[in-house]
Amino acid sequence: MVTSTRYSTDRHNKLARLTGVSVDSTSSVQAEVSLHENERQFRAIFNGIFEFIELLTTEGIALEVNQTGLDFRQLQPQNVVGLPYWEIWWTICEETQRQLKAAIALAARGEFVRYEVDVISAQQTLRIIDFSLKPFTDETGKVVLLIFERLDITGLKQQYTSHWFRNSNFKKVYRYPKQAHLVNKKAPISINT
């Protein structure tokens, strides 16, 4: 409850008029508490997931970056927010930056974009990222934000390549047992019989 009072006096300095207004502010306080709780829940989800998630303007300027994304390059929000996205992560080569700019332009026109790209981590290692750009529209259908999702799939790619290589060598050993020692010299494998 917020109360405000005013008074006025006559020429003899005696109280002539008293005005008071009381406003029940319970609903605005509840709305503020609710807004704060919603923001806290958003932050918990946004920063708690293992994927990199960012919010970008339709021009590709970073507005929000989750903690996973910041940790990947060991950055703080002030190092990222307000910068063109291709200057933050996609610095491996100019072609990669051009590809990202084209993807941002497509997403800004309302198209979903997804592909794999190589980037450099904070440890200066090459990582393979599966990323997507999703347009976020307002109630009129106008694209107002881009939701940028990235997932480091380097380990999955390495497992797939290793599995494929082992299986292709196993087939060679199985089909051509006399040449098995040659295959094994190239890539050691073990076959339990």
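Read the figures in this text as sums done on the coordinates, not as results from a lab. Computed from a predicted model, the values in this text were never measured in an experiment. For neighbour counting, all protein chains shown are included, and Cβ atoms are generated from backbone atoms with ideal geometry for every residue, glycine included.
How big is the Kirkwood radius of the stretch 107-158, worked out from every pair of different alpha carbons and given in Å to one decimal?
Numbers: mean 1/r = 0.0811 Å⁻¹.
Evaluated on the stretch 107-158, it is 12.3 Å.
Calculate, for E95 and S4, the FRET efficiency according to 1/(1 + (r/R0)^6) with r their C-beta to C-beta distance and R0 45 Å; round to the nearest 0.05.
Numbers: r = 64 Å, r/R0 = 1.43.
It comes out at approximately 0.10.
Label 7 Å along Cα→Cβ of I61; the stretch 122-146 residues with amide nitrogen under 15 Å?
Counting only backbone N, you get 144-146.
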